[in-house]
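The values are calculated or read from the model by the stated rules, or taken from the named source; none is laboratory data. Please read all numbers here as calculations on a predicted model, not as lab measurements. FYI the Cβ positions are ideal-geometry reconstructions off the backbone, even for glycines, and counts take in every protein chain you see. Ligands, DNA and RNA are excluded from the accessible area calculation, which covers all protein heavy atoms including side chains. Shrake-Rupley method; radii C 1.70, N 1.55, O 1.52, S 1.80 Å.
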Amino acid sequence: MARPEDYRKDFPILSKGDYIYFDNAATSQRPDCVVDAIKDFYENSNANPLRGLYDWSVEATERYENARKTVADFIGASSTEEIIFTRNTTESMNLVAYSYGLENVNEGDEVVISVMEHHSNILPWQMVTKQKKARLVYLEPDEEGVITPEEYKSKITDRTKIVSIGHVSNVFGITNPVREIAAYAHEKGATVIMDGAQAAPHIPVNVRELGADFYAFSGHKLMAPMGIGVLYGRKDLLENMKPFLTGGEMIEYVTREDATYAELPHKFEAGTVNAAGAVGLEAAIKYLQNVGFDFIEEQEKKLTKRMMEGMKKLPYIKIYGSSDPDKHSGIVTFTMDGVHPHDISSVLNDDHVCVRAGHHCAQPLMQFIGAGSTARASVYFYNTEEEVDRFLEHLAGVRSVMGY
Amino acid sequence: MDLKGLYREIVNEHNLRPSHKGNMEKPDLILRGVNPSCGDDITLQLKVVDGVIEDAMFSGSGCAISQASVDMMADQVIGRSKEDAIKLAGTFMGMIKGEIKDEEELEELDEAAALQDISHMPARVKCAVLGWKTMQKMLEHPEEAGNVSTENQ
């Protein structure tokens, strides 16, 4: 059985100082091989992809398109035409909202999301529903953070045109029943979009098995560079959509008055693309596949269990979401009586512990759970039990620093 | 001073036992100040008579640094003229941004000068200046600050 130590050596930043990095839900760290892949692209095959008629450009194009193939295989897409490279999940969601949502949602229709969504899966749908005079409907979780069948069956109706739901919550860490929700939504004739930002780095994803019509995720949360993201879309849907951004390299033919668009997926990739980012994403996916989701899930569960057990011994700490550590996907969101989350984070930073504090770009969820903001510790497979123990020790010291 | 020392020696006293927290009866000026990124949310209330701040109170919630900073601010501005208070806010914000380091100038801030170290913690700057910015805004643009005493009549 592998150990986290076997992988830590691949991450230069993890041996820098004595920092404990527990903000993996915000962004993960990069292994050498990802940084090397980017460097190699720029040192050996840098040219503008998809345009040049010379070796370097051809090579850059090949590397970019190979990355697309790796992504397609990684999430079980039917073809590379279904993989659009974007900057991040947010851009992927906006692409769907503008190019699909605005065209297919009409007055009186309903768009269903959940109160657990990240802002990037809320604001685009606020825009669409406001502009089209449609209704935005929120699914709400129970005490354990679960969206029950009763809940989604009462809110997804014949009026529902779009269901857009996070695969894994970035606050609760809970995996939503997206497969079941998609099946029910399809029965009702709705299109299903999944925000996989918090899922793709941690659990195996197969877009066809899940029943996703669209699936979005970011590279940077799974060890790839920042600035490269993915939108999967079912080919027949993408084919009928208008471009999101227009301009260079997404066209087929342009006259002074009009243009026809390029074939998929290039129709949705206007301008010079982030080829090095895509190459870095490919390296990250291969690294992740080598580590394997079995190990990732097992290690995250082990660490989360240890963390939650330790935190339960501190009576002034409240943990949000499920009481079962296995359902946290490496995320523990909490508050401390009398201490603001920002102060928790600042005091822990003094001890070189990195945790997130704030609303995690999920303000409606914060309002729902009745907390202005929360602190969040999130682990990945390269974190260790020893780090969890040190974190718990420092956490127990926070209240005395704060005058209690 | 390191952050823990700052909390222990100055911030906690004002955060846990604020002298000016609560709601004022019939304030002359009232304004809400919010840091949307972290959820600091205060409502500052001032009683201003003949151009002099006679009383200052705040309500709301936020992190210890935001709460302590606004409580210390109230200590410093009560009894000052509007102009002096605006000038003092400029000094405080200059200090937090690391632009004013002159000891004599900072002495004016009295205890609030202890927050000077926040200038090395960019993530906490907004927390420290919230109360001061709110006060500056309501004094410079009283038309934007709700006048509760007339609203209640």
Residues of the range A:329-350 losing 40 Å² or more of accessible area relative to the isolated chain, 1.4 Å probe, heavy atoms only? A:340, A:342, A:343, A:346, A:350
Over all residues in B:58-64, what is the mean tally of Cβ atoms on other chains that come within 10 Å of each residue's Cβ? 4
I want to verify the translational diffusion coefficient of the range A:137-250 in µm²/s; compute it with Stokes-Einstein, Rh as the Kirkwood radius over Cα pairs, at 10 °C and 1.306 mPa s. 104
So what are the three principal axis dimensions of the range A:139-184 from its Cα atoms, in whole Å, longest to shortest? 30, 17, 14
Given a cut-off of under 8 Å on Cα pairs at least six residues apart, what relative contact order in percent is computed for chain A? 21
If I compute solvent accessible area with a 1.4 Å probe over the protein chains, what percent of it on the protein assembly as shown is carbon and sulfur? 47
Dipole of chain A (Lys/Arg Cβ +1, Asp/Glu Cβ -1, origin at the Cα centre): which of A:295, A:380, A:348 lies farthest to the positive side? A:348
State to the nearest 20 debye the size of the charge dipole of the range B:6-112 about its Cα centre, where the only charges are +1 on K and R beta carbons and -1 on D and E beta carbons. 560
Once accessible area is computed for B alone, A alone and the pair with a 1.4 Å probe, the total buried surface, to the nearest 100 Å², works out to 1300
Length-normalised contact order of chain B in % [C-alpha pairs under 8 Å, at least 6 apart]: 28
At R0 = 41 Å, FRET efficiency that the Cβ-Cβ distance of residue A:252 and residue B:144 yields, to 0.05: 0.15
Taking the mean number of other Cβ atoms within 10 Å as a proxy for protection, how do you rank A:66-72, A:348-354 from highest to lowest? A:66-72, A:348-354
Evaluated over chain B, the Cα radius of gyration and Dmax, each in Å: 14.6, 49
Per residue, how much accessible area does the range B:1-78 show when a 1.4 Å probe rolls over the protein heavy atoms, in square angstrom? 40
Everything considered on the Cα gyration tensor (a ≥ b ≥ c; rounded for a/c under 1.5, else prolate if a/b is larger than b/c, else oblate), the range B:6-76 must be described as oblate
Please compute the contact order of the range A:35-174 in relative form: average sequence separation of alpha-carbon pairs under 8 Å and at least six residues apart, divided by the residue count, as a percent. 19
Other chains' Cβ within 10 Å of A:394-400 residues: what's the mean? 1
Taking R0 as 22 Å and r as the Cβ-Cβ distance between residue A:148 and residue A:324, the FRET efficiency 1/(1 + (r/R0)^6), rounded to the nearest 0.05, comes to 0.90
Taking R0 as 25 Å and r as the Cβ-Cβ distance between residue A:39 and residue A:226, the FRET efficiency 1/(1 + (r/R0)^6), rounded to the nearest 0.05, comes to 0.95
Stretched out fully, how many nm does the piece from residue A:58 to residue A:140 gain, at 0.36 nm a residue minus the Cα gap? 24.6 nm
Could you size up the charge dipole of chain A around its Cα centre, putting +1 on the beta carbon of Lys and Arg and -1 on that of Asp and Glu, and report it in debye to the nearest 20? 700
Cut-off under 16 Å on the C-alpha distance; same-chain residues fewer than 8 positions from residue B:137 excluded. Which aspartates and glutamates are left, in chain and number order? B:28, B:41, B:83, B:84
Sorted on mean Cβ neighbours within 10 Å (highest first), peptides B:113-121, B:37-45, A:42-50 come out as B:37-45, B:113-121, A:42-50
What size of dipole, in debye to the nearest 20, comes out for the range A:26-74 about its Cα centre when the only charges are +1 on Lys and Arg C-beta atoms and -1 on Asp and Glu C-beta atoms? 220
Just the C-alpha atoms of the range A:1-139: what Rg/Rh do they give, with Rh taken as the Kirkwood radius? 1.09
What lysines sit close enough to residue A:132 to cross-link, taking a C-alpha to C-alpha distance under 21 Å and skipping anything fewer than 8 places away on the same chain? A:155, A:161, A:188, A:242
q = 0.22, 0.27, 0.28 Å⁻¹, the range A:230-289: log10 I(q)/I(0) [Debye, one scatterer per Cα]: -0.93, -1.11, -1.14
Accessible surface, the range A:69-131, averaged per residue in Å² (probe 1.4 Å): 33
Residue-averaged [θ]222 nm for chain A, counting only DSSP H segments that reach four residues, each worth -39500 (n - 2.57): -11500 deg cm²/dmol
Of the range B:67-108, those with amide N under 15 Å from the point 7 Å along the Cα→Cβ vector of residue B:49 are B:78-82
Along Cα→Cβ, 7 Å out, is where each label goes; now give me the distance between the ones at residue A:16 and residue A:180 in nm to one decimal. 4.4
Of B:127, B:76, B:145, which is farthest on the positive side of the dipole of the range B:49-153, counting Cα position, with +1 on Lys and Arg Cβ, -1 on Asp and Glu Cβ, and the Cα centre as origin? B:127
Taking one equal scatterer on every alpha-carbon of the protein assembly as shown, how large is log10 of I(q)/I(0) by Debye at q = 0.09, 0.10, 0.12 1/Å? -0.79, -0.94, -1.18
Residue of B:103, B:140, B:13 that the Gaussian network model of chain B assigns the largest fluctuation, springs spanning Cα pairs under 10 Å: B:103
Taking all pairs of different Cα atoms in the range A:293-382, averaging 1/r and flipping that mean, what Kirkwood radius in angstroms comes out? 13.6
Value of [θ]222 nm, deg cm²/dmol, for chain B, DSSP H segments ≥ 4, -39500 (n - 2.57) each, nearest 500: -11500 deg cm²/dmol
